[in-house]
1. Among 133, 147, which is the only one that is surrounded by 13 or more Cβ atoms within 10 Å (Cβ to Cβ), modelled with pLDDT of 95 or more and of a type in the set (A, V, I, L, M, F, W, C)?
2. For the stretch 252-274, which positions are buried (at least 19 other Cβ atoms within 10 Å of the Cβ), part of a loop (DSSP other than H, G, I, E, B) and modelled with pLDDT of 95 or more?
3. Does residue 163 qualify as being surrounded by 15 or more Cβ atoms within 10 Å (Cβ to Cβ), under 15 Å from the mean Cα position of the chain (by Cα) and in a strand (DSSP E or B)?
4. If residue 205 meets every condition in (1) buried (at least 18 other Cβ atoms within 10 Å of the Cβ); (2) assigned to a loop (DSSP other than H, G, I, E, B) apart from one, which number is that one?
5. Within the stretch 211-232, can one find any residue that is surrounded by 15 or more Cβ atoms within 10 Å (Cβ to Cβ), under 18 Å from the mean Cα position of the chain (by Cα) and not in a strand (DSSP E or B)?
6. Filtering the stretch 186-210 down to residues that are under 22 Å from residue 168 (Cα atoms) and among the hydroxyl-bearing types (Ser, Thr, Tyr), which residue is nearest to the chain's Cα centre (by Cα)?
7. Restricting to the stretch 325-344, and then to whatever is in a loop (DSSP other than H, G, I, E, B) and out of contact with any His (no Cβ under 6 Å at 6 or more places or on another chain), can you tell me which residue is least open to solvent (accessible area, probe 1.4 Å)?
8. Would you be able to tell me the number of residues in the stretch 90-121 that are over 22 Å from residue 155 (Cα atoms) and open to solvent by less than 60 Å² (accessible area, probe 1.4 Å)?
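The values are calculated or read from the model by the stated rules, or taken from the named source; none is laboratory data. Since we're looking at a predicted model, the values are computed, not measured. Here the Cβ is made from the backbone with ideal geometry for all residues, glycine too, and neighbour counts use every protein chain on show. Quick note on the areas: whole protein, heavy atoms, side chains included, nothing else; ligands and nucleic acids left out. Shrake-Rupley method; radii C 1.70, N 1.55, O 1.52, S 1.80 Å.
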Amino acid sequence: DLSFAGDPNAFSLRKASVVYLAVDEDYHKQLYLVPARGGKPEQITHGDTGVWNYSVSPDHSSLIYSIPDGGRGSNLWYWDASLDAPELLLNCPDSSCSDALWSPSSSQILYSRLDFADEQAYLGIPSMWWLNLATKETQPVFEDAQLPGYNPRWSYDGTWLSYTSASPQQIQVYNLQSGERQSLPTEIGSAAAWSPNAQTFLLSDLQFFGDKYLNKLSLYNVANGTLMPLPSDDNFDDTTPTWSPDGEWIVFTRGEWTLDRTAGADQLWIARPDGSDARPITDDADTAHGPAAWSPRGRYLLFRSYSTANVETPSKIVILDLDSDKEIIVTEGGDSPSWFIPKK
């Protein structure tokens, strides 16, 4: 029995919102906010350079986003619902600063920085930097400020930091308290998806099946250094795993492949973290789904869907109620949705 019962007062769909990216009338990507049950979207950003990407805080009440500055630099900005206008966090006049990652305590962020004046800039591989949100002080994560690294992810307790190194291309796992390091070879360098209740993470990487490479999921245990492939059929691509808040379930996207073409659009599947009890939770061969974001208590999934049969059809942002299997169409024409819960 798949049960997601929890404290009904801990999360309310009626009080929640969804933040997402969409193109404005001038074809610039902007951030929008809309009630989770649907309604009129509120435009958060209005810049004429467009938003690159954004990241919501662990408590879902604020966000940081990155934009080009119109020259050769970029800026990081902060916004929450109490502000009349976004606040400038960091100006990077000669660098690309983007991909903010909040620390579990929300006191600082990691971000990717590519300094155009550096001799390695032509490679296009950024380095990782800290930003203290209270003092606005910034510094490189490593002693070598230009050491390439990307796709950083924190374990939920803040003990471990994982990231992808460029040469050699590996998943690096670093204990911020003890200094212990572990490394895993990787073909594509996808970000680790950490479990919320254990020192394990899921990884999507290429594996050779028959005469083709396919994306498959594996579960890595930091305590004993074991990597366990999850069960999967030969013709499936499995990607973008996300954990339920209690760590008991995972949702991932699965696409079926034939030798010469994609057989169908990506569907969302649910399973136990070891791959058992796997089943699809979407089933529309002409519609691609995901990746999915769990609501704080685990009852709802938020994701983008779009038609693969008709490219003229606008994409949709959808909430799936796992208790009833009913879908809520939040809005049309957006992508990269995240849960947002404004401060009271």
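1. Numbers: 147 fails: modelled with pLDDT of 95 or more.
Exactly one residue qualifies, and that residue is 133.
2. Residue satisfying the conditions is 273 alone.
3. yes
4. Against the list (1) buried (at least 18 other Cβ atoms within 10 Å of the Cβ); (2) assigned to a loop (DSSP other than H, G, I, E, B), residue 205 comes up short only on (2).
5. Checking the stretch 211-232: not a single residue is surrounded by 15 or more Cβ atoms within 10 Å (Cβ to Cβ), under 18 Å from the mean Cα position of the chain (by Cα) and not in a strand (DSSP E or B).
6. Applying the filter and picking the extreme gives 190.
7. Per the stated criteria, the residue is 334.
8. 9
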